Amino acid sequence: MPRPTTAQITYGSVTVVFSTLAMLLLSQTTSGVGIAVIALAALGLGLLVALTVPLPKRPAASAARSVPVASSAEGRVPEQRDAVRADAVLADSVREPTR
């Protein structure tokens, strides 16, 4: 299992603290069981938030290595072929006509 990132830990912790305070203030509970239920609910909500934070993307170099070059469209270079044709046409137009 990968280690949690700083963003996941931060978002999860902030969610636990603020949701606990909000639920305690809104419910106005004073019993130990009510406080325990609210604390468990806040921990579950914080865990859910921490797991849904997007993970950093992999570098583009590793993604490019996984795609074979021969099958990808980037492997083809039609611009170079067109440049060669343009040079050939230019060379043909410079020639003098034969008599």
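On the basis of being within 22 Å of the chain's Cα centre (by Cα), modelled with pLDDT under 60 and either exposed (fewer than 10 other Cβ atoms within 10 Å of the Cβ) or part of a loop (DSSP other than H, G, I, E, B) (or both), does Ser62 make the cut? Judged against the criteria, Ser62 is a match.
On the given criteria, is Val69 within 26 Å of the chain's Cα centre (by Cα), at pLDDT below 60 and surrounded by 10 or more Cβ atoms within 10 Å (Cβ to Cβ)?
Judged against the criteria, Val69 is a match.
Scanning the stretch 1-41 for residues that are outside any helix (DSSP H, G or I) and closer than 24 Å to Leu51 by Cβ yields a total of 5.
Residues checked against (1) touching a residue at least 40 places away in the same chain (Cβ under 8 Å); (2) closer than 30 Å to Pro56 by Cβ; (3) surrounded by 15 or more Cβ atoms within 10 Å (Cβ to Cβ); (4) not charged (D, E, K, R):
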| position | (1), (2), (3), (4) |
| --- | --- |
| Arg3 | no, yes, no, no |
| Ile9 | yes, yes, no, yes |
| Thr15 | no, yes, yes, yes |
| Leu24 | no, no, yes, yes |
| Gln28 | no, no, no, yes |
| Gly34 | no, no, no, yes |
| Ala42 | no, yes, yes, yes |
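The values are calculated or read from the model by the stated rules, or taken from the named source; none is laboratory data. Here the structure is a predicted model, which is why all the values come from computation and not from measurement. Using ideal geometry, Cβ is built from the backbone for each residue, glycine included, and neighbour counts are taken over all protein chains shown.
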